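*Asks:* This structure is in structure tokens; I'll ask about it shortly.
The values are calculated or read from the model by the stated rules, or taken from the named source; none is laboratory data. Computed from a predicted model, the values in this text were never measured in an experiment. Please note: Cβ atoms are built from the backbone with ideal geometry, for glycine as well, and neighbour counts cover all protein chains shown. Surface areas here come from the heavy atoms of the whole protein model, side chains and all, with no ligands, DNA or RNA. Shrake-Rupley method; radii C 1.70, N 1.55, O 1.52, S 1.80 Å.
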Amino acid sequence: MVFSFSASSSKVIEVVHCQSPSGGSHDPQQRLVSEFASLSTMLSAGYTAPFGRNGVIQTILSSLKYERRAFPAEPAKTFYLEFADGGNTQVQVSLGDDAPEDTPTFIGVHGMAGDLEAPYLHEVLSSLVKENRGRGVVFNLRGCGESTATSPTFHHGASTSDLGAVISWVTMKWPKGKVYVIGTSLGAVITAKTLGQWGEACPVSAAALISPVYDFKASCKAMETNFVSRAVFNPTVGAFYSKLDAFDIEHWTHTRPNPFPATTTSISNSPPFLESISSEFARELWPFTKASRNNSSFSSFLSTPATSVSSSLPSPTTPGSSWPPTPLIESNTPCLTPPQGTSSASIVPDYTPEISDALTSSLRKITSRILPQSLTGLCKTFVAATAHFLSGEEFMASTSAVDDLPNIRVPCLAVNCADDPLMPGKDLPRSQARKSPFFLMAVLKKGGHLGTFTTKKWKKRNGDKRYHTALVEEWFKANEALPQLRPRPQIVNARQGFVYPRGHPEMAFRETTSMYLKLKFTRPTYPKSK
């Protein structure tokens, strides 16, 4: 179903939504989406772009520094997570454990070549977390900002493990509060894919996608026809991804975690939680288990054996931290150890010589070129190689979120602009959007990518904010009417202190410290292999 709002054709907003069954839906979430599509004040008011602000100009302005952060960065409210393949992220939150337990949490996901300081992200969050009405959470997708490249895989549209880990971490840390997600640009694609993959079991109460690049192949094709895109966006993206040149593959092979052992050995007369640990290592642990089970440093016993470089490091979690390691699940649950056959090799793709050669070759092309490489060529070679794809076409298809839209089962608003140079209006997946009664797509005629800057007249009535910021604020306010919490993921304990939501071992993570990461990735001298 398509609605068109506005008294003026220049302000018209196209709203794409699933046709409701006769008599309306009995599902409160579906009913909320349908009512918002027809009754939203912001949608009915329409959008008028400032004079002379076309899509390209608004896109460039959207990346300029925002004057104020949504919340200050504080060391006591900064956390670090390590992923199953050795990657890591920095997480910053606005409210600690002293806030009311039912305080809603808003997780912001930045776009390509951005980080947790992204100005467009903080502007949206600022209105949602002001006066402590909500808890803001921002984090770096792997390899972004101060989260250095510590795994051979960079973030990309096909990877949902980073966001999935952060969502699981939030639900464990604040289990009685609703969780909302705001994805921007590439972060919106990752959000849509995460929601679709979780389906009915998704713990997110509602989501908003701002300028999602649904189809990366169509986006690259559109950017190749725009000179400004080739001259401005491509060099920026290329310079960002060249950071991986500092990644040390040899050091990674010595320090990478192993939360899923290749073989699983049952140990007679031992508790079920030891079933995923090698028999020799378990016998060494057995005398300490009862006394250490509730100790916050217990995860240090599960660290890599003494032959590994990591064995000399401090425990990933320090005693007395605000979030001690999750207690091991008792056997009556029944222990929720990783399923038989789950191994690191099946979760973390091998860094094969073919992938290494492809990555090295594509990186050399990037750093040696005088003119910037096309975004399509960059993604099909370099970015695809970091994601363990040898085929560029396969990588481009896997990054698309088009087929994930019908599987979304939580209220989700998407805001796109027809003049977006990265995702033009003609390429928007309207037919797929209509297949989910939980999905609502609003298409503005103008606004560019993450732009939607407003006129002085509009600001006098609605405040100094962009149009999509006001629309998203109204969207989440409407979702507050839904009282129930979404189901929380069942957490499974893996090896070495890692945990993951049941059914998604690729989202395995453990909370750690900045000192641990700094020591772990300080390269020692390794003996030459024979």
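*Asks:* One residue is enough: does the stretch 149-162 have a residue meeting the conditions in a helix (DSSP H, G or I), under 24 Å from Lys518 (Cα atoms), at pLDDT 85 or above and not β-branched (Val, Ile, Thr)? Reasoning before the result, please.
*Replies:* Of all residues in the stretch 149-162, those in a helix (DSSP H, G or I) come to 161-162.
Next, from what is left, pick out any that are under 24 Å from Lys518 (Cα atoms): 161-162.
Filter once more, so that each one left must be at pLDDT 85 or above: 161-162.
Right, trim to not β-branched (Val, Ile, Thr) and you get 161-162.
Yes, the conditions are met somewhere in the stretch 149-162.
*Asks:* What's the total number of residues in the stretch 210-232 that are surrounded by 20 or more Cβ atoms within 10 Å (Cβ to Cβ) and at pLDDT below 65?
*Replies:* Selection size over the stretch 210-232: 1.
*Asks:* Just to be sure I understand the filter: pairs with C-beta atoms under 8 Å, separated by 6 or more residues or on different chains, first member in the stretch 64-88 and more than 22 Å from Ala149 (Cα to Cα), second member at pLDDT below 90 and assigned to a loop (DSSP other than H, G, I, E, B). Which pairs pass?
*Replies:* Hits for this filter: Ala76/Gly96; Ala76/Ser322; Lys77/Gly96.
*Asks:* Now a separate question. Of all residues in the stretch 180-190, which are open to solvent by less than 10 Å² (accessible area, probe 1.4 Å) and more than 19 Å from Ser126 (Cβ to Cβ)? Walk me through it before giving the result.
*Replies:* Going residue by residue through the stretch 180-190, those that are open to solvent by less than 10 Å² (accessible area, probe 1.4 Å) are 180-184, 187-190.
Val189, Ile190, listed by residue number.
*Asks:* Where in the stretch 417-530 are there strands (runs of 3 or more DSSP E), lying wholly inside it, with at least 2 residues that are buried (at least 18 other Cβ atoms within 10 Å of the Cβ), without any contact (Cβ under 8 Å) to a residue 12 or more places away in the chain and under 24 Å from the mean Cα position of the chain (by Cα)? If you could, list the steps in order and put the result at the bottom.
*Replies:* Working: elements: 439-444, 491-493, 499-501, 509-512.
Output list is empty.
*Asks:* Also: Looking at (1) free of Cβ contacts under 8 Å to residues at least 40 places away in the same chain; (2) surrounded by fewer than 23 Cβ atoms within 10 Å (Cβ to Cβ), can you tell me which one Glu146 breaks?
*Replies:* That leaves (1) as the condition not met.
*Asks:* Next question. Out of all the residues in the stretch 381-416, which are open to solvent by less than 10 Å² (accessible area, probe 1.4 Å), part of a helix (DSSP H, G or I) and either charged (D, E, K, R) or closer than 21 Å to Phe476 by Cβ (or both)?
*Replies:* The answer is Leu405, and nothing else.
*Asks:* Working only within the stretch 73-128, note down all residues that are in contact with a strand residue (DSSP E or B) (Cβ under 9 Å, 6 or more places away or on another chain), of a type in the set (Gly, Ala, Ser) and outside any loop (DSSP other than H, G, I, E, B).
*Replies:* Gly108, Ser126, listed by residue number.
*Asks:* On the given criteria, is Gly114 touching an Asp or Glu at 6+ places or on another chain (Cβ under 7 Å) and buried (at least 19 other Cβ atoms within 10 Å of the Cβ)? Give the steps one after another, and end with the answer.
*Replies:* Numbers: touching an Asp or Glu at 6+ places or on another chain (Cβ under 7 Å): no; buried (at least 19 other Cβ atoms within 10 Å of the Cβ): yes.
No.
*Asks:* Taking the condition of being in contact with a strand residue (DSSP E or B) (Cβ under 9 Å, 6 or more places away or on another chain), farther than 17 Å from Val33 by Cβ and surrounded by 24 or more Cβ atoms within 10 Å (Cβ to Cβ), how many residues in the stretch 191-209 meet it?
*Replies:* As a first pass, look at the stretch 191-209 and keep what is in contact with a strand residue (DSSP E or B) (Cβ under 9 Å, 6 or more places away or on another chain): 191-192, 194-195, 198, 201, 203-209.
If we keep only those that are farther than 17 Å from Val33 by Cβ too, we end up with 194, 198, 201, 203.
Still in the running and surrounded by 24 or more Cβ atoms within 10 Å (Cβ to Cβ): 194, 198.
So the count comes out to 2.
*Asks:* Take the conditions open to solvent by less than 10 Å² (accessible area, probe 1.4 Å), assigned to a loop (DSSP other than H, G, I, E, B) and in contact with a Cys (Cβ under 9 Å, 6 or more places away or on another chain) and apply them to Leu141. Does it pass? Working first, answer last.
*Replies:* On the way: open to solvent by less than 10 Å² (accessible area, probe 1.4 Å): yes; assigned to a loop (DSSP other than H, G, I, E, B): yes; in contact with a Cys (Cβ under 9 Å, 6 or more places away or on another chain): no.
No; evaluated as a whole, the condition is false for this residue.
*Asks:* Taking into account only those residues within the stretch 195-224 that are farther than 18 Å from Val124 by Cβ and hydroxyl-bearing (Ser, Thr, Tyr), which is nearest to the chain's Cα centre (by Cα)?
*Replies:* Per the stated criteria, the residue is Tyr214.
*Asks:* Here's something else I'd like to know. If I ask for residues that are in contact with a strand residue (DSSP E or B) (Cβ under 9 Å, 6 or more places away or on another chain) and not β-branched (Val, Ile, Thr), which ones from the stretch 460-477 would you list?
*Replies:* Correct list: Tyr467, His468, Leu471, Trp475, Phe476.
*Asks:* Pro119 fails exactly one of the following numbered conditions: (1) open to solvent by 10 Å² or more (accessible area, probe 1.4 Å); (2) closer than 30 Å to His254 by Cα; (3) not basic (Lys, Arg). What is the number of that condition?
*Replies:* Condition not satisfied by Pro119: (2).
*Asks:* Would you confirm whether or not the stretch 124-147 contains a residue that is charged (D, E, K, R), under 30 Å from Gly497 (Cα atoms) and modelled with pLDDT under 85?
*Replies:* Yes.
*Asks:* Continuing with this model, one more query. For the stretch 163-191, give me each residue that is in contact with a Gly (Cβ under 6 Å, 6 or more places away or on another chain), part of a helix (DSSP H, G or I) and of a type in the set (A, V, I, L, M). Please lay out each step first, then the result.
*Replies:* Step one: filter the stretch 163-191 for residues in contact with a Gly (Cβ under 6 Å, 6 or more places away or on another chain), giving 182, 184-187, 189, 191.
Cutting the leftovers down to part of a helix (DSSP H, G or I) gives us 186-187, 189, 191.
Result: Leu186, Val189.
*Asks:* Further question: Of Phe71, Phe106, Phe83, which residue is in contact with a Ser or Thr (Cβ under 8 Å, 6 or more places away or on another chain), within 26 Å of Tyr467 (Cα to Cα) and of a type in the set (A, V, I, L, M, F, W, C)? Please lay out each step first, then the result.
*Replies:* Details: Phe106 fails: in contact with a Ser or Thr (Cβ under 8 Å, 6 or more places away or on another chain); Phe83 fails: within 26 Å of Tyr467 (Cα to Cα).
Within the list Phe71, Phe106, Phe83, the selection yields Phe71.
*Asks:* Which one is nearest to Phe509 (Cα to Cα), of the residues in the stretch 78-108 that are surrounded by 19 or more Cβ atoms within 10 Å (Cβ to Cβ) and among the charged types (D, E, K, R)?
*Replies:* Across the stretch 78-108, the extreme among qualifying residues is Glu82.
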